[in-house]
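Q: Below is one structure. I have some questions about it.
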Amino acid sequence: MSQHTAAPVRRTIDESSVRAVLRSPRLLTREALAGLVVALALIPEAISFSIIAGVDPRVGLFSSFVMAVSIAFLGGRPAMISAATGAVALVIAPVMRDHGFDYFIATVLLAGVLQVVLGLLGVAKLMRFIPRSVMVGFVNALAILIFMAQVPHLLGVPWLVYPLVAAGLAILVLLPRLTRVVPAPLVAIVVLTGVVLAFGLAAVPNVGDEGELPRSLPELFVPAVPLTLETLGIIGPTALAMALVGLLESLMTAKLVDDVTDTRSSKTRESWGQGVANVLSGLFGGMGGCAMIGQTMINVKASGARSRVSTFLAGVCLLLLVVVLGDVVALIPMAALVAVMIMVSVGTFDWHSVAPATLRRMPLGETVVMVVTVVVVVATHNLAIGVGVGVVTAMVLFARRVARFATVARELVEEDGAATARYTVEGELFFASSNDLTTQFAYADDPDRVVIDLGRSHIWDASTVAALDAIETKYARLGTRVELRGLNDASVRMRERLAGNLGAGH
């Protein structure tokens with residue numbers, strides 16, 4: 001009797017599990033360092049977004065802290081970073097400018113409530129209607145925007161900034177080839193800061209030049225606004241726009257992280273989690289926000305984080321850095337953070353999508369949709385508008401393509417001893433393909449009997465029913481009998497419900 005020794009089974013660790021991370025010193029170190037790098041990158045961004053929104057830097061910094069910590073518990077996508085963002089700042093800035101801080105915070109709170117409602121209603125399921133070409137355009141546009149955001153830090157600055165940025169890029173490119181124990185962005189920040197301090201390069205712009213860092217912890221803030229319809233009229237439209245922009249950017253970033261990590265996430269949980277995080281942000285005087293693709297890519301791609309621990313520690317480190325170590329953080333040269341964000345931009349861009357070989361193989365319509373999405377996002381700096389235009393463009397091109405597949409073939413036959421014109425309709429019949437349907441029949445030349453065979457087609461909408469009604473009306477005026485054959489059950493039900501009630505032929 002032969003004995004077989006079973007090969008040992010290797011258990012793979014779920015690196016997105018909080019429990020697994022806390023039990024593994026290696027994973028915990030990786031997540032902690034990733035959170036620290038993200039926190040350092042968040043500081044200048046949060047300050048600049050506060051300026052865009054027209055509020056004090058502490059508003060953006062506290063918002064980033066509250067959102068990062070709360071979304072670590074509430075979000076549906078582990079390792080994704082949520083904080084104050086430029087997209088949200090652009091949407092909400094007019095409220096601050098025209099109505100003041102209390103209405104500004106009330107708008108954030110209402111936007112959070114709307115996101116919770118939309119999340120519970122299942123708005124995340126609409127993500128399936130965003131084509132891949134729009135997603136690629138979204139990613140490429142974000143990469144371009146991330147790079148464009150660094151350009152002001154490279155213009156009108158001392159010449160020393162350029163070799164520092166070059167040195168930072170060299171560390172970010174070369175260090176990962178030698179070791180990944182310590183995240184390259186953290187090494188770049190520490191090394192460049194050390195160089196600037198050691199050589200006394202006081203002329204080099206640093207984080208402290210971006211704005212004053214807060215000295216105290218965030219406090220509870222309740223906006224003093226009247227609970228009236230007038231207030232709702234002021235904050236409602238902006239809150240809805242903020243809710244939609246935040247959800248769109250967060251859900252698309254979550255989908256991108258799903259692809260990068262080859263894992264799945266709960267988009268519904270992410271939707272209402274973003275809402276709760278925005279409400280909490282508003283209650284502590286924050287400006288709200290959403291998922292940040294740049295910081296998320298630093299966390300997931302550059303630093304290799306995979307769990308909620310990194311997101312939580314990013315928020316905690318951010319608060320500690322600005323409140324406890326604010327004087328030290330203020331000394332970090334902007335050149336180091338610019339180098340990190342440039343590498344994030346390069347890593348985010350889908351270079352395969354613009355390779356000549358890919359463009360030759362890809363249908364022209366797909367490339368057009370991608371380019372339109374990129375151009376609109378970059379031109380408006382609004383992801384929601386860009387993605388919306390991209391989706392509409394894809395829908396129009398798809399409708400045109402499908403419409404061409406609907407064909408009508410005519411033949412003259414003899415049935416039951418009578419001359420008959422038999423039309424065979426093939427393809428999907430909807431508004432784009434059925435609007436021309438009435439022009440495909442030879443009304444005056446046909447005999448007294450006409451058969452329309454719809455066995456190879458399907459009626460999808462009222463436009464098609466109206467077109468068939470119009471065809472029957474035209475033949476009726478000539479005294480011609482029309483028989484419809486081969487309709488499937490769903491098409492029969494739609495026609496019985498709508499036929500004769502759409503004003504066809506008038």
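Q: Of all residues in the stretch 473-494, how many are out of contact with any strand residue (DSSP E or B) (no Cβ under 8 Å at 6 or more places or on another chain) and in contact (Cβ under 8 Å) with a residue 24 or more places away in the chain? Break it down stepwise before answering.
A: So in the stretch 473-494, the residues out of contact with any strand residue (DSSP E or B) (no Cβ under 8 Å at 6 or more places or on another chain) come out as 473-474, 477-479, 489, 492-493.
Filter once more, keeping what is in contact (Cβ under 8 Å) with a residue 24 or more places away in the chain: 473-474, 478-479.
Residues meeting the conditions: 4.
Q: Turning to a different aspect of this structure: Which one of these does ALA243 not meet: (1) open to solvent by less than 30 Å² (accessible area, probe 1.4 Å); (2) outside any helix (DSSP H, G or I); (3) of a type in the set (A, V, I, L, M)?
A: ALA243 satisfies every listed condition except (2).
Q: Look through VAL38, VAL66, VAL21, VAL95 and report the one residue that is among the β-branched types (Val, Ile, Thr), in contact with a helix residue (DSSP H, G or I) (Cβ under 7 Å, 6 or more places away or on another chain) and more than 25 Å from LEU321 (Cβ to Cβ). Outline the logic, then answer.
A: On the way: VAL38 fails: more than 25 Å from LEU321 (Cβ to Cβ); VAL66 fails: more than 25 Å from LEU321 (Cβ to Cβ); VAL21 fails: more than 25 Å from LEU321 (Cβ to Cβ).
Going through VAL38, VAL66, VAL21, VAL95 in turn, just one is among the β-branched types (Val, Ile, Thr), in contact with a helix residue (DSSP H, G or I) (Cβ under 7 Å, 6 or more places away or on another chain) and more than 25 Å from LEU321 (Cβ to Cβ): VAL95.
Q: Which condition number in (1) buried (at least 17 other Cβ atoms within 10 Å of the Cβ); (2) closer than 30 Å to LEU337 by Cα is the one that PRO223 fails?
A: Every listed condition holds for PRO223 apart from (2).
Q: On to the next question. Mind listing just one residue for me: the one in the stretch 292-314 that is in contact with a strand residue (DSSP E or B) (Cβ under 9 Å, 6 or more places away or on another chain) and modelled with pLDDT under 95 and, of those, farthest from SER48 (Cα to Cα)? Walk me through how you get there before you give the answer.
A: Step one: filter the stretch 292-314 for residues in contact with a strand residue (DSSP E or B) (Cβ under 9 Å, 6 or more places away or on another chain), giving 292, 295-296, 311, 314.
The next check asks that each one be modelled with pLDDT under 95; those that pass are 292, 295-296.
On the way: MET292: 14, GLN295: 15, THR296: 18 Å.
Applying the filter and picking the extreme gives THR296.
A quick yes/no check of all residues on (1) open to solvent by less than 40 Å² (accessible area, probe 1.4 Å); (2) among the β-branched types (Val, Ile, Thr); (3) touching a residue at least 60 places away in the same chain (Cβ under 8 Å):
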{"site": "SER133", "(1), (2), (3)": "yes, no, yes"}
{"site": "ALA143", "(1), (2), (3)": "yes, no, yes"}
{"site": "LEU154", "(1), (2), (3)": "yes, no, yes"}
{"site": "VAL165", "(1), (2), (3)": "yes, yes, yes"}
{"site": "LEU174", "(1), (2), (3)": "no, no, no"}
{"site": "ARG177", "(1), (2), (3)": "no, no, no"}
{"site": "ARG180", "(1), (2), (3)": "no, no, yes"}
{"site": "PRO183", "(1), (2), (3)": "yes, no, yes"}
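Q: Then there is this: Name the residues in the stretch 145-166 that are more than 19 Å from MET292 (Cβ to Cβ) and in contact with a helix residue (DSSP H, G or I) (Cβ under 6 Å, 6 or more places away or on another chain), would you?
A: Once the filter is applied, which keeps residues that are more than 19 Å from MET292 (Cβ to Cβ) and in contact with a helix residue (DSSP H, G or I) (Cβ under 6 Å, 6 or more places away or on another chain), the stretch 145-166 yields VAL161, LEU164, VAL165.
Q: How about the stretch 257-289: which of its residues are in contact (Cβ under 8 Å) with a residue 40 or more places away in the chain, surrounded by fewer than 22 Cβ atoms within 10 Å (Cβ to Cβ) and not in a loop (DSSP other than H, G, I, E, B)? Give the derivation first.
A: To start, the set of residues in the stretch 257-289 that are in contact (Cβ under 8 Å) with a residue 40 or more places away in the chain comprises 257-258, 260-261, 263, 265-289.
With surrounded by fewer than 22 Cβ atoms within 10 Å (Cβ to Cβ) added as a condition, the list becomes 258, 260-261, 263, 265-266, 268-269, 276, 279-280, 283-284.
Selection gives ASP258, VAL260, THR261, THR268, ARG269, VAL276, VAL279, LEU280, LEU283.
Residues checked against (1) of a type in the set (Val, Ile, Thr); (2) part of a helix (DSSP H, G or I); (3) in contact with a Lys or Arg (Cβ under 9 Å, 6 or more places away or on another chain):
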{"position": "ILE105", "(1), (2), (3)": "yes, yes, no"}
{"position": "GLY112", "(1), (2), (3)": "no, yes, no"}
{"position": "VAL117", "(1), (2), (3)": "yes, yes, no"}
{"position": "LYS125", "(1), (2), (3)": "no, yes, yes"}
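Q: When the stretch 379-416 is examined, which residues are found to be without any contact (Cβ under 8 Å) to a residue 24 or more places away in the chain, among the polar types (S, T, N, Q) and touching a helix residue (DSSP H, G or I) at 6+ places or on another chain (Cβ under 7 Å)?
A: Within the stretch 379-416, THR380 is the sole residue that qualifies.
Q: Residue by residue through the stretch 109-124, note down the ones that are open to solvent by 20 Å² or more (accessible area, probe 1.4 Å) and in contact (Cβ under 8 Å) with a residue 60 or more places away in the chain.
A: Restricting attention to the stretch 109-124, the residues satisfying the condition of being open to solvent by 20 Å² or more (accessible area, probe 1.4 Å) are 109-110, 113-114, 116-118, 120-121, 123.
Residues satisfying the conditions are LEU109, LEU110, VAL113, LEU114, VAL116, VAL117, LEU118, LEU120, VAL123.
Q: If you take the residues in the stretch 58-91 that are assigned to a loop (DSSP other than H, G, I, E, B) and farther than 17 Å from SER17 by Cα, which one is farthest from the chain's Cα centre (by Cα)? Talk me through it step by step, then tell me what you get.
A: Residues of the stretch 58-91 that are assigned to a loop (DSSP other than H, G, I, E, B), as a first pass: 75-81, 84-85.
If we keep only those that are farther than 17 Å from SER17 by Cα as well, we get 84-85.
Values: ALA84: 15, THR85: 13 Å.
Ranking the qualifying residues of the stretch 58-91, first place goes to ALA84.
Q: What number of residues in the stretch 17-59 are in contact (Cβ under 8 Å) with a residue 12 or more places away in the chain and among the basic types (Lys, Arg)?
A: Going through the stretch 17-59 one residue at a time, the tally reaches 2.
Q: Being of a type in the set (Lys, Arg), under 18 Å from VAL402 (Cα atoms) and open to solvent by 40 Å² or more (accessible area, probe 1.4 Å), is that true of even one residue in the stretch 469-477? Break it down into steps so the answer makes sense when it comes.
A: Initially, the stretch 469-477 is screened for residues of a type in the set (Lys, Arg), giving 474, 477.
Applying the additional criterion that residues be under 18 Å from VAL402 (Cα atoms) yields none.
Checked against the condition, which is being of a type in the set (Lys, Arg), under 18 Å from VAL402 (Cα atoms) and open to solvent by 40 Å² or more (accessible area, probe 1.4 Å), the stretch 469-477 yields no hits at all.
Q: Select from the stretch 301-349 the residues that are buried (at least 23 other Cβ atoms within 10 Å of the Cβ) and outside any helix (DSSP H, G or I) and list them in ascending order.
A: Answer for the stretch 301-349, where residues must be buried (at least 23 other Cβ atoms within 10 Å of the Cβ) and outside any helix (DSSP H, G or I): SER303, ALA305, ARG306, SER307, PRO333.
Q: Can I ask one more? How many residues does the stretch 79-108 hold that are closer than 15 Å to SER271 by Cα and open to solvent by 20 Å² or more (accessible area, probe 1.4 Å)? I'd like the intermediate steps shown before the answer.
A: Just the residues of the stretch 79-108 that are closer than 15 Å to SER271 by Cα, to begin with: 80-83.
Filter again for open to solvent by 20 Å² or more (accessible area, probe 1.4 Å), leaving none.
Final tally of qualifying residues: 0.
The values are calculated or read from the model by the stated rules, or taken from the named source; none is laboratory data. Note that the structure is predicted; figures quoted are calculated from it, not measured. As a convention, Cβ positions derive from the backbone with ideal geometry for all residues, glycine included, and neighbour counts pool all protein chains shown. Side chains are part of the model used for accessible areas, which takes the heavy atoms of the whole protein and leaves out ligands, DNA and RNA. Shrake-Rupley method; radii C 1.70, N 1.55, O 1.52, S 1.80 Å.
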